[in-house]
Amino acid sequence: MPNFGVFSKNQRKFIVTSSHDILYVNLDEPELEKREIDFDEKEDIGSLQNIMANDTHFFVLANKKESKLGYYLFSIDLNNPFAESEYLINWSNKLDIGNCDLHLMKEMSPTTGKIQDYIVVSYKSIGINTFNVFVIDLQDKLIKYWHEGYQLWESPVKGFLLSTNDFLILAKDGLQLLQVG
């Protein structure tokens, strides 16, 4: 049974996943063998946590790569899914993650004055009991903001990106508002 289903804007390309399987489908591809790509085999990933799409890429957050725990965020090019996937986060460690969310943030660049895309990643970590929020610039692939706060693994938490580009953390202990934009 699928956990996630994310479609491109025209709904002709999509990804369907369970926690251990990720299948990319291109309905416009005439050749059957090129229509589907099994990304859990291609990237050797597992424990999929979240997925989202923008106009050009799918973004996948996983907790395992090559059977090793860690944080793995990679992008799949919608126009060339057979190309090598680009990893924005590729950290091996011995920690499970949960309550994971991905959001797309648009903001004017202070240097160029143009609107650019950022990806906001949030998750809690077992063992060290933290809730982490990252803002990654999709142009230069650098982390622009990183927040780490205390959060019990056993306690539920949810992160939301607001239209003001503030990040709201809703937990059993209360609310926290971060200015990530």
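The values are calculated or read from the model by the stated rules, or taken from the named source; none is laboratory data. Just so we're clear, the structure is a prediction, and the values are computed from it rather than from any experiment. Quick reminder, even Gly has a Cβ in these numbers, built from the backbone with ideal geometry, and neighbours come from all protein chains shown.
Here are the numbers:
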quantity	calculated
Close pairs from the range 145-169: first at positive phi, partner part of a loop (DSSP other than H, G, I, E, B), Cβ under 6 Å, at least 6 apart	Asn165/Gly181
Those strands (runs of 3 or more DSSP E) lying entirely in the range 94-181 with at least 3 residues under 14 Å from the mean Cα position of the chain (by Cα)	97-108, 115-125, 130-137, 157-161
Scan of the range 63-102 for residues that are without any contact (Cβ under 8 Å) to a residue 40 or more places away in the chain, within 25 Å of Gly127 (Cβ to Cβ) and of a type in the set (A, V, I, L, M), ordered by number	Leu69, Leu95
Residues of the range 113-163 classified as within 29 Å of Asp55 (Cα to Cα), loosely packed, with under 15 Cβ neighbours inside 10 Å and touching a Lys or Arg at 6+ places or on another chain (Cβ under 6 Å), total	1
Tyr71 in the same structural domain as Lys42 (by TED's automatic domain parsing), closer than 17 Å to Tyr145 by Cα and of a type in the set (Ser, Thr, Tyr)	yes
Residue count for the range 69-93, restricted to those that are more than 13 Å from the chain's Cα centre (by Cα), in a strand (DSSP E or B) and surrounded by 14 or more Cβ atoms within 10 Å (Cβ to Cβ)	3
Matching residues, the range 1-33, being without any contact (Cβ under 8 Å) to a residue 40 or more places away in the chain and among the basic types (Lys, Arg)	Arg12
Whichever residue in the range 101-152 is among the small types (Gly, Ala, Ser) and farther than 27 Å from Phe4 by Cα and, among such residues, is modelled with the lowest pLDDT	Ser109
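Let's see how each residue does on (1) part of a strand (DSSP E or B); (2) surrounded by fewer than 17 Cβ atoms within 10 Å (Cβ to Cβ):
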position: Gly5; (1), (2): yes, yes
position: Asn10; (1), (2): no, yes
position: Ile15; (1), (2): yes, no
position: Ser19; (1), (2): no, yes
position: Val25; (1), (2): yes, yes
position: Asp28; (1), (2): no, yes
position: Lys34; (1), (2): no, yes
position: Asp40; (1), (2): no, no
